[in-house]
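Please treat every number below as a calculation from the coordinates, not as lab data. This is a predicted model, so every value here is computed, not measured. Backbone-built Cβ (ideal geometry, glycine too); neighbour counts: all protein chains shown.
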Amino acid sequence: MTLSLKNIDVLCVGNASYDLVFSVSRHPHADEKTIADDFKDCGGGPAANAAVTVARLGKKAAFIGYLGNDIFGQKHFSELRRAGVNTSYIVRGSAATPLSSILVKPNGDRSIVNYNKQSQPLRDVDIAPDVLEKLHPAVILFDGHEPVISPLLADAAREMGIITVLDAGSVFDGTLSLLDRVNYLVCSEKFALDYTGETDKEKALQQLRKHNTNVVITLGGRGLLWQKQENKGVVPAFPVNAIDTTGAGDVFHGAFAACIAAGVDWDVTLRYASAAAALCCTKTGARFGIPTNREVTDFLKRNG
């Protein structure tokens, strides 16, 4: 990938949480106590994970979102800075940082309990009006978790010729407001089926094409299918020993946005992002699994 001429390659807008990750032999039943085999804690959240992914792949990343002034917010803020993410436009406050408790089984399956009751969506007054002029990103990646500022930034990006990408993990107001505003809709199978009401992913793809000419539907361990303008295809998943699938989608979106920012060919973009997501699954804790550019390129060489 070549370096972008923009100040920031990818600006990620959305959720930042703090993850408490417990490795368990199995998910407990009701009224049952279980003992964790391992524990890790790290920053999380779709947009924040994507920002770290962009930075770890050697690109310039920035993040806009909320972190509390509590210990979890401070730990996450410091983690983002150490990763090389531009944190100038993160909003801090007295509301608690969103938390996620994640139970991961040996086969990589996980259960997640998220707490985000205190923090409120950022308002337009919470971000500088000239943020896009200051950062001048090549691409903006939204996860839909900032439903007030994201449509404003997406509309401004269109006027400025900035490419936009939506990470649509599930159907809620924040993702719905961006469907028709972004250049690329990259969604989960759950989003595609829930939104369209279809049971067939191919039919769901065609329904989503009414909103966006560039659609990717990720299918987890079954790869992805896509349509870009009039061309379409599938990309199988790379086989790996999955230890924890948490954050794999976030890494895919971050790598995808980094490739789009660099002007990488479409087929290479999809394989590169798929490889990055696969590598993320090989370690416990989303942040610990985010690969470097060298790791992704070496993996692709080994896997044809």
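Among the candidates 100, 111, the residue that is touching a residue at least 12 places away in the same chain (Cβ under 8 Å), surrounded by fewer than 17 Cβ atoms within 10 Å (Cβ to Cβ), of a type in the set (Ser, Thr, Tyr) and under 25 Å from residue 19 (Cα atoms) is uniquely 111. Filtered by the rule that a residue be surrounded by fewer than 18 Cβ atoms within 10 Å (Cβ to Cβ), touching a Leu at 6+ places or on another chain (Cβ under 8 Å) and not in a loop (DSSP other than H, G, I, E, B), the stretch 176-200 gives a lone residue, 189. The listed residues are 95, 30, and the only one of them that is touching a residue at least 24 places away in the same chain (Cβ under 8 Å) and either closer than 24 Å to residue 10 by Cβ or assigned to a loop (DSSP other than H, G, I, E, B) (or both) turns out to be 95.
Taking the stretch 59-83 as the search range and keeping residues that are assigned to a loop (DSSP other than H, G, I, E, B) and over 17 Å from the mean Cα position of the chain (by Cα), which one is surrounded by the most Cβ atoms within 10 Å (Cβ to Cβ)? Full working, then the answer.
Here is the first cut: in the stretch 59-83, the ones assigned to a loop (DSSP other than H, G, I, E, B) are 59-60, 65, 69-70.
Checking the rest, the ones that are also over 17 Å from the mean Cα position of the chain (by Cα) come to 69-70.
On the way: 69: 14, 70: 18.
Looking at residues that are assigned to a loop (DSSP other than H, G, I, E, B) and over 17 Å from the mean Cα position of the chain (by Cα), I get 70.
Taken over the stretch 274-304, the criterion of being part of a helix (DSSP H, G or I), touching a strand residue (DSSP E or B) at 6+ places or on another chain (Cβ under 9 Å) and under 25 Å from residue 234 (Cβ atoms) is satisfied by 274, 277, 280, 289.
Only one of 71, 90 is more than 28 Å from residue 260 (Cβ to Cβ) and of a type in the set (A, V, I, L, M, F, W, C); which? Lay out the reasoning, then the answer.
On the way: 90 fails: more than 28 Å from residue 260 (Cβ to Cβ).
The conditions single out 71.
Figure legend. Inter-residue proximity from the stretch 248-274: first residues closer than 15 Å to residue 8 by Cα, second residues outside any helix (DSSP H, G or I) and acidic (Asp, Glu), beta-carbon distance below 6 Å, spacing 6+ or different chains. Indicated pairs: 261/9. Is the stretch 130-147 home to any residue that is of a type in the set (Asp, Glu), out of contact with any Phe, Trp or Tyr (no Cβ under 9 Å at 6 or more places or on another chain) and surrounded by fewer than 21 Cβ atoms within 10 Å (Cβ to Cβ)? Within the stretch 130-147, one or more residues are of a type in the set (Asp, Glu), out of contact with any Phe, Trp or Tyr (no Cβ under 9 Å at 6 or more places or on another chain) and surrounded by fewer than 21 Cβ atoms within 10 Å (Cβ to Cβ).
Considering only residues that are among the aliphatic types (A, V, I, L, M) and in contact (Cβ under 8 Å) with a residue 40 or more places away in the chain, look in the stretch 201-231 and name the one that is surrounded by the fewest Cβ atoms within 10 Å (Cβ to Cβ).
224
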